[in-house]
Amino acid sequence: MKKDFVVIGLARFGSSVCKELYRLGHQVLAIDTNEAKVNAVLDHSTKAVIADASREDVLKSLGVGNFDYAIVAIGDNMQSSILCTLLLKEMGIKNVWVKAQDSNHAKVLTKIGADRIIQPEYDMGIRVANQLESGKLQEYIELSEDYSISELYITKKLANKTLNDTDIRSKYGCTILAVKNGKKVNISPSPDDKLYEGDMIVVIGNNEDIKRFEEKGL
Ligand code: ADP
C-alpha cells in the first residue's frame, strides 16, 4: 500500500530514508534548508524543496499536515528539531519519527510526543553487539523493551529434526514465524516440517526466552 511520507533534514540519515522510501514506491516530500542537500534527492523523491521546517507557516504552505508519516532527521540543530517535531504533532500527524542526537534530545522529544525516537549510532551499536555476541544470530528487530524478532541459524544440534522436536514453544515460550533456506521462505511452517543445518528460523518472543533458546536449545 502506498503511503505519503515527509522527510525533513536530508543529510546522511534523512537522505537515505528518503531514497529508500521512494525506491519502495511511496510518495515522499523531502525538505532541507540546504540547497545542495535538496538537489541531491531531486531524482529520489516525489518533490524536494528548500525550506525551513521549524516554521509553522512554511509547513502549512507545503501541506505537511495532510501527511500520515513524518521523519525529522535534523540532528545538528536541536532547537529546530524540537520545534519542528512540536509543530508536526500540533498539526495532527499521527506518526512522527525523529532522529535524536543524544539522550537529552531524546528525553525532550518523548515529552513533546514524538512517536518514535531513533538514535542511529546507539541503535546500530546494540544491533551489532547482539550480532557479534552470538554467532547464531543473523538479524534482530526490537519490538519493545522486552520482545523481539530474531533470525537464528540452525546448527548441527537441530539439523534433521522437526520444528516440534525443537521444543521451542513448550520449553522456551518462543514461536517460529518462518523458516528460510536460501531464497526459499516457508512462512507458515508446520510442526512436522524438518529443519536442516544452515536453515534460518525467524523467531518471535521475549528477549530472555530467545536468548535461553539460543544458548541451550540451538
Ligand atoms: P546526519 O544525518 O548526516 O547525521 P545531521 O543530522 O547533522 O546529519 O543533518 C541535519 C540536516 O538537517 C542538514 O542537512 C541540515 O541542512 C538540515 N536542517 C537543519 N535545520 C533544518 C530546518 N530548520 N529545516 C530543514 N532542514 C534543516
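Does S190 fit the bill of being polar (S, T, N, Q) and open to solvent by less than 60 Å² (accessible area, probe 1.4 Å)? Judged against the criteria, S190 is a match. Look at region 24-40: where a residue is closer than 21 Å to D68 by Cβ and a partner is of a type in the set (G, A, S) and more than 12 Å from the ligand (Cβ to nearest atom), sitting 6+ places away or on another chain with Cβ atoms under 6 Å, you get V28/S45; A30/S45. If you scan region 156-176, which residues turn out to be in contact (Cβ under 8 Å) with a residue 24 or more places away in the chain and open to solvent by 70 Å² or more (accessible area, probe 1.4 Å)? Within region 156-176, K156, K157, N160, K161, N164, K171 qualify. Criterion first (in a helix (DSSP H, G or I), away from the ligand (no atom under 16 Å from the Cβ) and in contact with a strand residue (DSSP E or B) (Cβ under 8 Å, 6 or more places away or on another chain)) does T85 satisfy it? No, not satisfied. Pull out all pairs, ordered by first then second residue, where Cβ-Cβ is under 7 Å, the residues are six or more apart or on different chains, the first lies in region 104-116 and is without any contact (Cβ under 8 Å) to a residue 24 or more places away in the chain and under 12 Å from K89 (Cα atoms), and the second is of a type in the set (V, I, T) and open to solvent by less than 30 Å² (accessible area, probe 1.4 Å). Matching pairs, first to second residue: D115/V96.
Filter region 45-57 down to the residues that are more than 11 Å from the ligand (Cβ to nearest atom) and among the hydroxyl-bearing types (S, T, Y) and list them by number. Selection gives S45, T46. Can you find even one residue in region 90-98 that is at pLDDT below 90 and part of a helix (DSSP H, G or I)? Within region 90-98, not a single residue is at pLDDT below 90 and part of a helix (DSSP H, G or I). Scanning region 8-37 for residues that are among the polar types (S, T, N, Q) and within 8 Å of the ligand (Cβ to nearest atom) gives S15, T33, N34. Scanning region 166-192 for residues that are under 24 Å from the mean Cα position of the chain (by Cα) and in a loop (DSSP other than H, G, I, E, B), we see that the one that is nearest to E208 (Cα to Cα) is C174. The set of residues in region 199-212 being in contact with a strand residue (DSSP E or B) (Cβ under 7 Å, 6 or more places away or on another chain) and either within 19 Å of Y147 (Cβ to Cβ) or modelled with pLDDT under 90 (or both) consists of I201, V202, V203, I204, G205, N206, N207, I210. In this structure, does A106 turn out to be part of a strand (DSSP E or B), over 24 Å from G173 (Cβ atoms) and more than 16 Å from the chain's Cα centre (by Cα)? Judged against the criteria, A106 is not a match.
Answer yes if at least one residue in region 58-73 is open to solvent by 60 Å² or more (accessible area, probe 1.4 Å), within 13 Å of the ligand (Cβ to nearest atom) and either in contact (Cβ under 8 Å) with a residue 12 or more places away in the chain or among the β-branched types (V, I, T) (or both), and no otherwise. Within region 58-73, not a single residue is open to solvent by 60 Å² or more (accessible area, probe 1.4 Å), within 13 Å of the ligand (Cβ to nearest atom) and either in contact (Cβ under 8 Å) with a residue 12 or more places away in the chain or among the β-branched types (V, I, T) (or both). Return yes or no: is Y140 within 14 Å of the chain's Cα centre (by Cα), within 19 Å of I210 (Cα to Cα) and among the hydroxyl-bearing types (S, T, Y)? Answer is yes for this residue. Within region 54-77, the set of residues being of a type outside the set (F, W, Y) and under 13 Å from V98 (Cα atoms) comprises A70, I71, V72, A73, I74, G75, D76, N77. When K37, K2 are screened for being over 23 Å from P120 (Cα atoms), touching a strand residue (DSSP E or B) at 6+ places or on another chain (Cβ under 9 Å) and charged (D, E, K, R), only K2 passes.
The values are calculated or read from the model by the stated rules, or taken from the named source; none is laboratory data. For clarity, every value in this text was computed on a predicted model and none was experimentally measured. Heads up, the Cβs are rebuilt from the backbone with ideal geometry, glycines too, and the neighbour counts pull from every protein chain shown. These area figures cover heavy atoms from the full protein model, side chains too; ligands, DNA and RNA do not enter into them. Shrake-Rupley method; radii C 1.70, N 1.55, O 1.52, S 1.80 Å.
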